[in-house]
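What follows is calculated from the coordinates using simple rules that are stated; it is not laboratory data. Quick caveat, the model's predicted, so the values are computed rather than measured. Counting neighbours? That spans all protein chains shown, and the Cβs are built from the backbone with ideal geometry, glycine included.
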Amino acid sequence: MSHEAYDTLRTDSHLGGVVESHGPVTLDPAADPFERLVVSIVNQQLSTTAAATIRDRLFDRVEVTPAGLLAADGSVLRDCGLSGQKVGYVRNVAEAFQDGLSADSLRAMDNDDVIDALTEIRGVGVWTAKMFLIFVLAREDVFPVEDLGIRRGMEHVFEVEADAFTHGEMVERAERWAPYRSYASLYLWRVMDD
């Protein structure tokens with residue numbers, strides 16, 4: 001996290017206290033974007049514990065590469081704990097990467113193009129694409145307004161009642177944190193962890 005990003009968020013009238021109490025945070029690009037995208041699909045709509053168990057089984061039993069996932073028998077993937085729907089989703093991601101989508105091509109795209117490219121893959125939605133931008137590509141200015149933890153964090157730092165904000169109002173309020181909205185999001189999630 002740059003000093004400029006930290007100082008900008010630290011002096012914000014709403015987020016500043018959270019920034020001060022948690023100190024600087026970092027965004028680190030992932031070594032293997034394909035693998036991380038598969039993991040994000042595995043994690044969708046699961047508890048942390050359940051997702052970790054399925055992830056561990058998958059990585060133990062299958063080579064988590066486009067070729068490896070496409071070659072794996074569907075019953076093996078289901079035995080790892082993936083639902084039939086998620087088996088299809090991880091295979092869709094594998095096909096997209098086998099057909100030319102790559103870590104390098106995604107890194108070269110701007111944020112909107114990454115979202116467009118990823119959401120063309122059945123099983124990858126806008127939330128997953130934004131998580132990919134933040135946690136895989138380490139982009140500094142992404143605001144995942146769709147995330148419930150972000151909503152709850154904003155309600156806390158702006159001291160409003162639950163569900164008081166529309167998505168549009170949240171996006172508008174988050175403009176104050178540009179061009180460091182990914183870092184602001186990390187702090188909003190920390191509020192919820194506290």
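Among residues other than residue 50 with Cβ under 14 Å from its Cβ, the summed charge is +2 (Lys and Arg +1, Asp and Glu -1). Which entry in [x] 17.8; [y] 18.4; [z] 18.9 matches Kirkwood radius over Cα pairs in Å derived from the coordinates of this structure? Of the listed options [x] 17.8; [y] 18.4; [z] 18.9, [x] comes from this structure.
Helices in the chain, meaning DSSP H runs of at least 4 residues, each add -39500 (n - 2.57). Divided by all residues, the mean residue ellipticity at 222 nm is -18000 deg cm²/dmol.
The label point for residue 32 and the one for residue 67, both projected 7 Å from the Cα toward the Cβ, are 1.4 nm apart. Taken one residue at a time, the phi angles of the stretch 7-21 give Karplus couplings (6.51, -1.76, 1.60, θ = phi - 60°) of 5, 4, 6, 5, 8, 5, 5, 9, 8, x, x, 5, 4, 4, 6 Hz. Gly and Pro are set to x. Remark: relative contact order (the stretch 33-135) = 30 percent; criterion is Cα-Cα distance under 8 angstrom and separation of 6 or more residues. For the stretch 2-45, backbone nitrogen atoms closer than 20 Å to the point 7 Å from residue 127 Cα along Cα-to-C-beta are found at 36-45.
The phi torsions of the stretch 33-41, fed into the Karplus equation with coefficients 6.51, -1.76 and 1.60 and a -60° offset, translate into couplings of x, 4, 4, 5, 5, 4, 4, 5, 5 Hz, rounded to whole numbers, with Gly and Pro shown as x.
Think of the chain as having a plus end and a minus end, set by charges on the Cβ of Lys, Arg, Asp and Glu; of 5, 38, 192, 38 sits farthest toward the positive end of this dipole. The stretch 64-137 and the stretch 166-184 have their alpha-carbon centroids 27 Å apart.
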